[in-house]
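Rule-based calculations on the coordinates, nothing more; no lab input. Note that the structure is a prediction, hence the values are computed from the model and not measured. Heads up, the Cβs are rebuilt from the backbone with ideal geometry, glycines too, and the neighbour counts pull from every protein chain shown.
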Amino acid sequence: MTGHAQAAQYHDGRKGHGPTMPGQFMLPQPNAYRSIFRHADGSYDWVSELCYGWQLIDQASCGSLAACIVECIQGDGGVHVLPEGYLKALKRHCELRNMLMIVDEAQTGLGRTGKLFAIDFEDTVPDILTLSKPLANGLPLSAVVTSATIDARCEELGFLFFTTHTNDPLVAAVGEKTLEIVLRDNLIGNASERGDQLLRGLRSLQKRYACIGDVRGRGLMAGIEIVDDPGSKAANPELAHRLSESMWQHGIWCQLQSRTVFRIGPPLNSTPEQIAEGLDILKDVFRSTSPRLNTEAE
Ligand SMILES: Cc1ncc(COP(=O)(O)O)c(C=O)c1O
């Protein structure tokens, strides 16, 4: 929500604001479903896309780039899972430019994706890792995790950061307990298993309903992209909105991101029955709100 943070992300809600902060550049969104970078067989060519993005940044910057910030799965950006190898390649691009790589795990951290951190799916160590939302299970606790070297450099440069809640012992205690429970109750393994169940269920809905253009995600972080039909991939925000209203009426809260993508993030301790119940509700909603079947799949 701050000027610098907004300038570091693609954002739906910039209308009505002034210009964003100077000195920030964007890589193309790693959107496997819609990217125009394709191999001859139609698969997503993220390597060319990433190199092209850096080429543009190198041409536009004055050569003193500081850091690159990235989510392992873009959350509000539409639940885009980074392709395997992407973060490793990104780290290499950063190292070549003497930049730090910051991985933001506010949404993916603490087990949601089926590993403690989503970065654990890649053989890569970020220079800085940021955590928040699940860290104290809803209380306002966040963390910036880094090396002693970077920490010492911040100290040396006199960087200052504090808020009302800095060093708040109450939320810190809740954070400690949350970590204990996540590990003690194997919520990470549960997220992985229930996530498989969820994604399987969503893919089977996709086969049936033509308006589900794409299903993606990892663990208990899933996205469904609503389109006019899977062939044209034309967006249908009105239908997405109607579906969203209907889901809410049926008792399930699926948040719309980028107007056409449902981001689904059930609790990490969800039971098989709860996931099945959620999928049943989604099925009812798709049946009643979008009766057009996916004839190609049948
Ligand atoms: C990926 C990501 N990073 C950071 C934040 C900000 O988190 P907080 O409000 O806990 O600082 C959000 C919040 O929506 C987020 O989704």
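Taking the 0 to 90 degree range and rounding to the nearest ten, how far is the long axis of helix 187-208 tilted relative to the main principal axis of the chain, both from C-alpha atoms? Once rounded, one gets 40 degrees.
Using only the Cα atoms of region 3-131, build the gyration tensor, take square roots of its eigenvalues as a ≥ b ≥ c, and label the shape rounded, prolate or oblate: rounded if a/c is under 1.5, else prolate if a/b is larger than b/c, else oblate. It is rounded, given that a/c, with a ≥ b ≥ c, falls under 1.5. Whole-Hz Karplus values for region 32-48 come out as 4, 6, 10, 4, 7, 7, 9, 6, 4, 7, x, 6, 6, 9, 5, 5, 5 Hz, taken residue by residue from phi with 6.51 cos²θ - 1.76 cosθ + 1.60 and θ = phi - 60°; glycine and proline positions read x.
Among residues other than Pro267 with Cβ under 11 Å from its Cβ, the summed charge is +2 (Lys and Arg +1, Asp and Glu -1). Close Lys pairs in the chain, defined as Cα atoms under 25 Å apart and 8 or more places apart or on different chains, number 9. For the chain, modelled as a GNM whose springs connect Cα atoms under 10 angstrom apart, the maximal fluctuation among Gln257, Gln249, Gln197 occurs at Gln249. Helix 169-184 and the longest principal axis of the C-alpha atoms of the chain enclose an angle of approximately 60°. Counting only Cα atoms, the chain measures 63, 47, 40 Å along its principal axes, largest extent leading.
Using a 10 Å cut-off on Cβ atoms, rank the peptides 111-122, 93-104, 230-241 from the highest mean neighbour count down.
Ranked by mean Cβ neighbours within 10 Å, highest first: 111-122, 93-104, 230-241.
Residue by residue, region 77-88 carries 3J(HN,Hα) couplings of x, x, 6, 9, 7, 5, x, 4, x, 4, 5, 5 Hz when phi is fed to the Karplus relation 6.51 cos²θ - 1.76 cosθ + 1.60 (θ = phi - 60°); x denotes Gly or Pro. Placing +1 on each Lys and Arg Cβ and -1 on each Asp and Glu Cβ, with no other charges, gives the chain a dipole about its Cα centre of roughly 540 debye.
Here the contact order of the chain, divided by its residue count and restricted to Cα pairs under 8 Å and six or more residues apart, works out to 14 percent.
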